[in-house]
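Take a look at the structure below.
The values are calculated or read from the model by the stated rules, or taken from the named source; none is laboratory data. Here the structure is a predicted model, which means the values were calculated and not measured. Glycine also receives a Cβ, built like all others from the backbone with ideal geometry; neighbour counts cover every protein chain displayed.
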Amino acid sequence: MSSAAELPSPAGDPSRTGAAPADEAPATVEVGVDGRLRRAERGADEADQLDGQAGERPYPGGIPDATVARLPVYLRALYALAERGVSTVSSDELATAAGVNSAKLRKDLSHLGSYGIRGVGYDVEYLVYQVSRALGLNQNWPVVIVGAGNLGRALANYGGFVSRGFRIAAMLDSDQSLVGRELGSVVVRHVSELEEIVANSGIAIGVIAVPAPAAQAVCDRLVAAGVTSVLNFAPLVLNVPDGVDVRKVDLSIELQILAFHAQRRTAERFGQASDPAVAGA
């Protein structure tokens, strides 16, 4: 995106199925490591043995935001276990892989109806399905990336989105020299088509990968077009109305946090104060 001035002015949830009636065999599933539904209908006895959980149980009272924030971390750890051929995992092992304590993990998973089997643990593939379903990843969410610079191109070429429930439906930019280029599975289109693309492609998520001066204008247009979920890579805080969710990815902040921890470890190693100002006093 070359400048904000070049931006023209702006002109369904996954179902939560209840548990099966008592006189019916529970509708459970067989899933792969991609979290996709493969087959339904297990017998009642077999379903009851699947880590003691009712897979289609609704979430009473919803899932706490803090738990939602940790579910993708658990899912990443579960994918890694599945890729290594691990079929069952204890809460302690999964908690260690995810970097949390086991009590917190068990409480988080209990919101999904997962309790594990004492002495056995959790069925990895089934838990992948449960976490994926809770996050809404058992469907393909169409995504538009605005900004075809280095970051936008890297995102477009990342192959992990498809297996995680996301589909790059379009990539937009205001630079005419980029329009028409094929990036990943899409061809770059001009940002003037944003509203039309959002409407025609049913865009669920907008990714902002433009310089800071253009980011708010892009966000305003996405929101006006009906997009209520935004992933922002621009180094500024976006102003959005109520009902719009924004997640910010700021690599510089993460690096600064890492620098703090690196400084503290260095100071501890040499027995010095972690604050350079204190050390120099």
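Tabulated results
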quantity	calculated
Condition broken by Leu155, with the remaining ones in (1) assigned by TED's automatic domain parsing to the domain that holds Val223; (2) under 21 Å from Arg76 (Cβ atoms); (3) over 22 Å from the mean Cα position of the chain (by Cα) satisfied	(3)
Candidate set: the range 129-142, residues that are buried (at least 22 other Cβ atoms within 10 Å of the Cβ) and under 11 Å from Arg164 (Cβ atoms); chosen: the one modelled with the lowest pLDDT	Leu137
Test: residue in the range 89-108 that is touching a strand residue (DSSP E or B) at 6+ places or on another chain (Cβ under 9 Å), assigned by TED's automatic domain parsing to the domain that holds Gly62 and not in a helix (DSSP H, G or I)	yes
Residue in the range 138-161 that is among the aliphatic types (A, V, I, L, M), assigned to a helix (DSSP H, G or I), out of contact with any Gly (no Cβ under 7 Å at 6 or more places or on another chain) and over 30 Å from Asn200 (Cβ atoms) present	no
Condition met for Ile168 (of a type outside the set (Lys, Arg), at pLDDT below 95, under 27 Å from Ser132 (Cβ atoms) and not in a loop (DSSP other than H, G, I, E, B))	yes
